[in-house]
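See structure below.
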Amino acid sequence: MTDYTHRARKRFGQNFLHDAGVIHRILRAIHARDGEHLVEIGPGQGALTEGLLDSGAWLDVIELDLDLIPLLQQRFGQRPNFRLNQGDALKFDFARLDPAPHGLRVVGNLPYNISTPLIFHLLEHAGQIRDMHFMLQKEVVERLAAQPGGGDWGRLSIMVQYHCQVEHLFNVGPGAFNPAPKVDSAIVRLVPHAQPPHPAKDPRQLERIVRDAFNQRRKTLRNTLKGLLDAEAIEAAGVDGGLRPEQLDLAAFVRLADQLSARQPRDGEQTSDR
Ligand code: SAM
């Protein structure tokens, strides 16, 4: 049998888990079961993959690094519940794996350089996803789980909490990885809401409002939203325009987004001068 040895690559964000205690704790938090459908992003050398397959659940893995493919194939290719997908998780169409609503369980010790765009990509498939468990940079988990009023509350917190319930499960120190990253890490659980608790008329308008509001987070809403909403519209949303964006909760941002929807023509509608 060929023995594949692999040198960790920085450009693929490769920090491989080697601490058996941490691996066990992550697997316990995920608690995969026979009959479920899991997707692991970035299986690497298989630190989590083995335990996930042992659960009996069906497992799709998505790995970008071509050099890891033979190693994964050799280690797990014989397992009947294993499927290897070589490619970029950022471009992967998760909907094609399981069209059943709320079926997929997505997990991964994510490459930190792509974790935020990957979460936004997954939110587009939130309807297919039952839950997600990720290892991320600790600061990112703190932003995901943040509450209004502090410096961590921002675009990532609001857009993820619009779609998901967020739980910061536990922290993991650099020593659990090889090579050790320079930052602390943490495990987060994201559970997509069956129905958003504060549904926006058009979630794309929520994205616009939140992006503009936090572009200059030190300024008042009256100033940062000038290009989108006038003072009257901000007031109609029941929001004090003199506040800074980090002082507003999700429900208030949704009210602002709905004001924007009410003032903008919908897709396909023509504006007229008459
Ligand atoms: N799961 C393994 C572990 O815990 O030891 C490896 C985790 S390592 C932090 C991240 C993994 O994601 C690497 O195997 C890397 O090659 C892979 N990766 C990086 N970018 C990716 C992408 N865009 N799509 C899929 N996998 C990617």
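The values are calculated or read from the model by the stated rules, or taken from the named source; none is laboratory data. The structure presented is a predicted model; accordingly, all values stated were derived computationally and were not measured. Ideal geometry is used to build each Cβ from the backbone, glycine not excepted, and the neighbour counts take in all protein chains shown.
Go through the residues of segment 58-75 one by one and say whether even a single one is away from the ligand (no atom under 13 Å from the Cβ) and within 30 Å of Gln195 (Cβ to Cβ).
yes
When segment 201-218 is examined, which residues are found to be modelled with pLDDT under 95 and either in a loop (DSSP other than H, G, I, E, B) or touching a His at 6+ places or on another chain (Cβ under 8 Å) (or both)?
Gln216, Arg217, Arg218
Evaluate the following for Phe16: is it within 11 Å of the ligand (Cβ to nearest atom), surrounded by 15 or more Cβ atoms within 10 Å (Cβ to Cβ), modelled with pLDDT under 95 and under 22 Å from Arg83 (Cβ atoms)?
Judged against the criteria, Phe16 is not a match.
Going through segment 200-219 one residue at a time, which ones are surrounded by fewer than 16 Cβ atoms within 10 Å (Cβ to Cβ) and without any contact (Cβ under 8 Å) to a residue 40 or more places away in the chain?
Arg204, Asn215, Gln216, Arg218, Lys219
Quick one: count up the residues across segment 225-235 that are in a helix (DSSP H, G or I) and either within 24 Å of the chain's Cα centre (by Cα) or surrounded by fewer than 20 Cβ atoms within 10 Å (Cβ to Cβ) (or both).
4
Quick one: in segment 170-195, of everything that is out of contact with any Leu (no Cβ under 9 Å at 6 or more places or on another chain) and closer than 18 Å to His125 by Cβ, which residue is surrounded by the most Cβ atoms within 10 Å (Cβ to Cβ)?
Val191
For residues in segment 24-43 being outside any strand (DSSP E or B) and within 8 Å of the ligand (Cβ to nearest atom), which is nearest to Ala89 (Cα to Cα)?
Top of the filtered list is Gly42.
Can you tell me which residue among Gly46, Gly21 is near the ligand (Cβ under 8 Å from one of its atoms) and of a type outside the set (A, V, I, L, M)?
One residue alone meets the criteria, Gly46.
Looking at segment 172-200, which of its residues are of a type in the set (Gly, Ala, Ser), part of a loop (DSSP other than H, G, I, E, B) and out of contact with any helix residue (DSSP H, G or I) (no Cβ under 6 Å at 6 or more places or on another chain)?
Gly173, Ala194
Yes or no, residue by residue, for (1) of a type in the set (Ser, Thr, Tyr); (2) more than 15 Å from the ligand (Cβ to nearest atom); (3) under 14 Å from Leu38 (Cβ atoms):
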position	(1), (2), (3)
Ala95	no, yes, no
Asp98	no, yes, yes
Leu104	no, yes, yes
Val107	no, no, yes
Asn113	no, no, no
Pro117	no, no, no
Leu123	no, yes, no
Gln128	no, yes, yes
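Do we have Ala47 as of a type outside the set (Ser, Thr, Tyr), in contact with a strand residue (DSSP E or B) (Cβ under 7 Å, 6 or more places away or on another chain) and outside any strand (DSSP E or B) here?
It is true that Ala47 is of a type outside the set (Ser, Thr, Tyr), in contact with a strand residue (DSSP E or B) (Cβ under 7 Å, 6 or more places away or on another chain) and outside any strand (DSSP E or B).
Report, by residue number, each residue of segment 236-264 that is free of Cβ contacts under 8 Å to residues at least 24 places away in the same chain, under 20 Å from Gly149 (Cα atoms) and not in a loop (DSSP other than H, G, I, E, B).
Within segment 236-264, Ala252, Arg255 meet the criteria.
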